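*Asks:* My questions will all concern the structure given below.
Each reported figure results from applying straightforward, stated rules to the coordinates on display, with no laboratory input. Computed from a predicted model, the values in this text were never measured in an experiment. Neighbour counts are summed over all protein chains in view; Cβ atoms, including those assigned to glycine, are modelled from backbone coordinates with ideal geometry.
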């Protein structure tokens, strides 16, 4: 599977992108651990804090096509450096925010804009333009696994810091860790750009976007990815609250998030392999369908520590492993010239779903006292996502490789 990554320049490019994603995703996916401490310290309420994080979910997606378009036009270096600095700033000023509006600025805007500029669309787009075709599938799996490894590492570290130095100190530590990723930008962007085969009539990014949004397969891909965002944002924001409702230790939540990240490392690598062997739409359909079944299983089981850990393993295997096959479909449909922009738009759909997942979870717990209706909604949407991927018109892997 990974023989295509053995060349030193390919390996450096791939690992640098994975390292940056480890930091941006690790920090971002750990924010749910701060909901309880923020509520206790500020008294703002779970709904207000959930709204700030929900806006962050949307902002994280909204910035990606813009950052991707800038990277496609001027190169990814400035985008990534600016993103890491802005993300660190958002974390650093959050302890000084005493209102819902302040949290929207720090977590909903600054932190989200920074992490979005250093996330999937820019990183996978930058790597795709620097790697030969045969290495892109495996590389996307490794890069995606970097984000999962970040969640595995950051969640328990942030929980330990919250308990040891307080939530304020933990956020300042997150800011420093974010800045520590800056040297990796040079490792990613110093590699010579691989020749990119142009479309016969490359008339610019706006025409590329116009053609994409008129493509039914691209729109179906967006619909499925919307559900993925709803699912992930709900869980990453409200799983700690679900664990608390069951009377379990906060450590169960942090370790569950860490296990999700660890399991997704293997899921992402496996997804990267599947992309080179099978049609990506079938890979996505199986992933989304498995989520619906897993949630149904969880709702039938007693809420014990072991059940949460088993649930986390199952969730984690497909958590963000949807990214490699989704990016592969975008690349097959439109090539890699505007990959960062077009995949960024797909990520925007993901994060519109993320907004609803984070915010509706807060409304559910406030209105009903538990998350039951959100679990049912998540299960139905996951099943629907499995179905909408099937009509996508995707060229077979062999034909795509031959024509790319």
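*Asks:* Could you sort 258-265, 294-301 so that the peptide with the highest average Cβ count within 10 Å comes first and the rest follow in order? All intermediate terms of the calculation are to be shown ahead of the outcome.
*Replies:* Numbers: 258-265: 24.8, 294-301: 14.9.
Sorting 258-265, 294-301 by mean packing, highest first, produces 258-265, 294-301.
*Asks:* Another question about this same structure. Multiplying the sequence separation of residue 297 and residue 73 by 0.36 nm and subtracting their Cα-Cα distance, what value in nm do you get?
*Replies:* Details: separation 224, 0.36 × 224 = 80.64 nm, distance 4.67 nm.
Using 0.36 nm per residue and subtracting the Cα-Cα distance, I get 76.0 nm.
*Asks:* Let me ask you something else. In 20 Å bins starting at 0, how do the alpha-carbon pair distances of the chain split up by percent?
*Replies:* Each 20 Å bin holds this share of Cα pairs: 30, 60, 10, 0.
*Asks:* How far apart, in nm, are two points set 7 Å out from the Cα along the Cα-to-Cβ line at residue 246 and at residue 370?
*Replies:* 1.2 nm
*Asks:* Restricting to Cα pairs below 8 Å that are 6+ residues apart, what does the relative contact order work out to for segment 146-283? Please round to a whole percent. Walk me through the intermediate numbers first.
*Replies:* Values: 60 pairs, mean separation 68.3, N = 138.
Normalised by residue count, the contact order of segment 146-283 is 49 percent.
*Asks:* I would also like to ask the following. For residue 211 and residue 393, compute 0.36 nm times the residue count separating them, minus their Cα-Cα distance, and round to one decimal in nm.
*Replies:* Values: separation 182, 0.36 × 182 = 65.52 nm, distance 1.52 nm.
The span from residue 211 to residue 393 would gain 64.0 nm if fully extended.
*Asks:* Using only the Cα atoms of segment 29-107, what semi-axes does the equivalent ellipsoid have when each is the square root of 5 times a gyration tensor eigenvalue? Give whole Å, largest first. Let's see the in-between values first.
*Replies:* Values: eigenvalues 158, 31, 17 Å².
Semi-axes, largest first: 28, 12, 9 Å.
*Asks:* Mean separation of Cα pairs under 8 Å and 6+ residues apart, divided by the residue count of segment 3-145: what relative contact order is that in percent? Spell out each step's value before the answer.
*Replies:* Numbers: 173 pairs, mean separation 54.2, N = 143.
Value for segment 3-145: 38 percent.
*Asks:* Taking the convex hull of the Cα atoms, report for segment 198-268 its projected area averaged over all directions, in nm². Could you put the intermediate results ahead of the total?
*Replies:* Values: hull surface 29.6 nm².
Convex hull of Cα atoms, orientation-averaged projection: 7.4 nm².
*Asks:* Taking a quarter of the surface of the convex hull around the Cα atoms of segment 246-376, what do you get in nm²? Please list the in-between numbers first.
*Replies:* Details: hull surface 35.2 nm².
With every direction weighted equally, the projected area is 8.8 nm².
*Asks:* If you don't mind, there's one more thing I want to ask. Could you check the spin-label model distance between residue 305 and residue 219? Points 7 Å from the Cα along Cα→Cβ, value in nm.
*Replies:* The answer from the label model is 5.1 nm.
*Asks:* In addition: If the chain between residue 290 and residue 277 were fully stretched, how many nm would it gain, using 0.36 nm times the residue separation less the Cα-Cα distance? Mind dumping the intermediate values first?
*Replies:* Numbers: separation 13, 0.36 × 13 = 4.68 nm, distance 1.98 nm.
Here the answer is 2.7 nm.
*Asks:* Going by alpha carbons, how many degrees (0 to 90, nearest 10) lie between the helix axis of 305-318 and the longest principal axis of the chain?
*Replies:* The two axes meet at around 20 degrees.
*Asks:* Could you give the angle, 0 to 90 degrees to the nearest 10, between helix 133-179's Cα long axis and the longest principal axis of the Cα atoms of the chain?
*Replies:* On a 0 to 90 degree scale, this one is about 20.
*Asks:* Restricting everything to alpha-carbon atoms, can you work out Rg to Rh for segment 1-160 with a Kirkwood hydrodynamic radius?
*Replies:* On the way: Rg = 16.8 Å, Rh = 16.2 Å.
Answer for segment 1-160: 1.03.
*Asks:* Among 161-168, 306-313, 335-342, how do they line up by average Cβ neighbours within 10 Å per residue, starting with the highest?
*Replies:* Values: 161-168: 16.0, 306-313: 17.6, 335-342: 25.4.
In decreasing order of mean packing, 161-168, 306-313, 335-342 become 335-342, 306-313, 161-168.
*Asks:* What does the highest-first list of 116-127, 366-377 look like by mean Cβ count within 10 Å? Don't skip to the answer; put the middle values down first.
*Replies:* Values: 116-127: 30.2, 366-377: 14.9.
Packing proxy ranking, top to bottom: 116-127, 366-377.
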